[in-house]
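Engineer: One structure follows; several queries about it will come next.
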């Protein structure tokens, strides 16, 4: 006995400029007509009446509508026929007439009687996912749709392997037209967010799944590296305070070197590439070498880490704006208003000097402050105090990087502030 699935031969069709006949005027026909029109086909609809969507397509000349009942000669010369009249007798006749003319026919009302099937389709940047049900009585188009959606979602999120597809960056930046014809790869500067894998963007995951080389920072979401194929080269360029084993110039050179070998390169960073991430320098270096570059924004730790412990950087009635600093620069330029939040990155070692600088610039020593360690990480912890006490409290608690410090009235919204009894 023939396996029903083996009766189906998946096939792609070039329909541009070819005549397609659809019999029936309902919503199913309208959906299929729109798809066929999108493929460039010359679409003709035969039906005494049509739905509003089909009428609109006919009115603007997108398709031709013959306003009468079906006749066998309607399928003469058609490359493909589709019937969805709602009348089984008419649909069977359309299938038989098309078959007699060696023309494939889709029967939407009873797929087992037709000679062609319309698969569940999802279109991505560089691939079309098509899933077809079996041909027998156990045909299950809803399952096909679920499988299609699962595959498409996996490709979009990078949880299915797509290496080899070479997705070109959507925003290409280059300053060297002379290199336009040279075969090069691509570089994506991907913001990995605050370190947790599920806070990495969908676009970031997609590019990681397609990469040949990943150049990774210390604070990037390293758990995603376990998902990479074994032959992906991972280059660790992680830096810690006062220890930079690989200079930024070397990192720039690495990106260009591998891309000019035709490889797809992801520069995986913590936070956002442009928030104290030196992404602009890396983009400039790649662009000058004629390498296509895409920048994928990330969830910056300056906003997300405070949020992890219940601190919004702005809040009506408490803060109208915020400033982000690296913790040891330009303290004197920060607005001293009580309704302005200050977020300090990479500033644990200079916290005492920073607090003193803010007070000297006009901040009340009693201004609430919080230090959040390892935001979204396994050892996430928050230490609260005021500008007058936060440095001493941080030392007593053994606070260590990575940490984000928040100064301002918004700290009062943190559960840790409410729970503290010695402020």
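Engineer: Separation between the residue 79 and residue 37 pseudo-spin-labels, each 7 Å from Cα along Cα→Cβ, expressed in nm?
Structural biologist: Label-label distance for residue 79 and residue 37, simple model: 1.8 nm.
Engineer: Please order 44, 227 by the number of other Cβ within 10 Å, starting at the fewest. If you can, show how the numbers build up before the last one.
Structural biologist: Working: 44 19, 227 14.
Ascending number of Cβ neighbours within 10 Å: 227, 44.
Engineer: Could I ask something else about it? Taking the number of other C-beta atoms within 10 Å as the exposure measure, put 45, 256, 395 in order starting with the fewest.
Structural biologist: Fewest-to-most Cβ neighbours within 10 Å comes out as 395, 256, 45.
Engineer: Less than 19 Å from a label point 7 Å out along the Cα-to-Cβ axis of residue 140: which backbone N atoms in segment 98-131 qualify, by residue?
Structural biologist: 111-112, 118-121, 130-131
Engineer: Nearest 5 is fine: what % of DSSP beta bridges in the chain come out antiparallel, could you say?
Structural biologist: Numbers: 22 of 62 bridges.
Approximately 35 percent, going by the DSSP bridge assignments.
Engineer: Additional query: For the Cα atoms of the chain, what angle does the longest principal axis make with the long axis of helix 279-288, in degrees from 0 to 90, nearest 10?
Structural biologist: Roughly 60 degrees, rounded to the nearest 10.
Engineer: Then there's this: Which one is right for this structure if Rg/Rh (Cα atoms, Kirkwood Rh) is calculated from it: (1) 1.17; (2) 1.00; (3) 0.98?
Structural biologist: The value matching this structure is (1).
Engineer: Still on this structure: Expressed as an acute angle from 0 to 90° and rounded to the nearest 10, what is the orientation of the C-alpha long axis of helix 27-38 relative to the principal long axis of the chain?
Structural biologist: Helix 27-38 sits roughly 80 degrees off the main axis of the chain.
Engineer: Let me have the 222 nm mean residue ellipticity of the chain computed from DSSP H runs of 4+ only, each contributing -39500 (n - 2.57), with the sum over all residues rounded to the nearest 500.
Structural biologist: Details: 11 runs with 112 residues, N = 423.
When only DSSP H runs of four or more count, the value is -8000 deg cm²/dmol.
Engineer: Which angle between 0 and 90 degrees, to the nearest 10, do you get for helix 88-100 versus the longest principal axis of the chain when only C-alpha atoms count?
Structural biologist: Computed tilt is about 80 degrees.
Engineer: So, one more: Along each of the three principal axes of the Cα atoms of segment 5-118, give the extent in whole Å, ordering the values from largest to smallest.
Structural biologist: 41, 30, 23
Engineer: While we're looking at this one, here's another question. So how do 82, 340, 258 line up by other beta-carbon neighbours within 10 Å, fewest first?
Structural biologist: Details: 82 28, 340 18, 258 21.
Ordered by Cβ neighbours within 10 Å, fewest first: 340, 258, 82.
Rule-based calculations on the coordinates, nothing more; no lab input. Just so we're clear, the structure is a prediction, and the values are computed from it rather than from any experiment. Neighbour counts run over all protein chains shown; Cβ positions are idealised from the backbone, glycine included.
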